[in-house]
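Structure record follows, encoded as structure tokens.
The values are calculated or read from the model by the stated rules, or taken from the named source; none is laboratory data. None of these values were measured; they are calculated from a predicted model. For neighbour counting, all protein chains shown are included, and Cβ atoms are generated from backbone atoms with ideal geometry for every residue, glycine included.
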Amino acid sequence: MSTKRGKTTDEWPDGLSAEHQRTAKGWRRHASPLALVVLGLVMLWALSGLAGVEETLTEETAVVTVAWHAPARIRNGEFLEMRLGVEAHEPIEALVIGVDASLWEDFTINTLLPAATEETSEDGELRFTFGPLEAGTSFLMKVDAQINPDMLWRNEGDVTVYDGDTALVEMPIVIEVLP
């Protein structure tokens, strides 16, 4: 039985020896500064806004002004809020919002406020009927969603505002999804 640093070799667990207990010297003595640099770069990237950029798109016609506010770039797995505002310049008998199914593919829609009086799916488009909108009044639709973790790259589609079956405004929307 030999003794090293106060312990006998028989007292070490299997696979370990006194050599494992020696003090590290040089760079091995401290944590790598590379980890701190990488963490700092990730934090700077996040603070720069490159991971989550919101935008507001606006379209105006003689009948309505439509504003879409949502992230243009976001990471997968995150929660987001989308808002669609409609301001009527002329009376709308039956306000219908159409969203291409491709825009919300791999999204989990948690909340859609206000609740539509009717929800349908026609020609690859999800349609939400809300009823009449008088001239000079505004309507706001709020959607809370989460991007499914397997969603990557981008979703594209149109958001269309209808008066019944008549299209008033069509807005192309792109949401870029980063890993």
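Residue-wise test of (1) within 17 Å of residue 166 (Cβ to Cβ); (2) surrounded by fewer than 14 Cβ atoms within 10 Å (Cβ to Cβ).
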{"site": "98", "(1), (2)": "yes, no"}
{"site": "115", "(1), (2)": "no, yes"}
{"site": "120", "(1), (2)": "yes, yes"}
{"site": "125", "(1), (2)": "yes, no"}
{"site": "129", "(1), (2)": "yes, no"}
{"site": "135", "(1), (2)": "yes, yes"}
{"site": "141", "(1), (2)": "no, no"}
{"site": "144", "(1), (2)": "no, no"}
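From the set of residues in segment 29-52 that are farther than 19 Å from residue 177 by Cα and not in a helix (DSSP H, G or I), which is modelled with the lowest pLDDT?
For segment 29-52, the residue satisfying everything is 30.
Could we say that residue 161 is at pLDDT 95 or above and of a type in the set (Val, Ile, Thr) here?
Criteria met by residue 161.
Among the candidates 158, 150, which residue alone is touching a residue at least 24 places away in the same chain (Cβ under 8 Å), surrounded by fewer than 19 Cβ atoms within 10 Å (Cβ to Cβ) and in a loop (DSSP other than H, G, I, E, B)?
After ruling out the rest, the residue left standing is 150.
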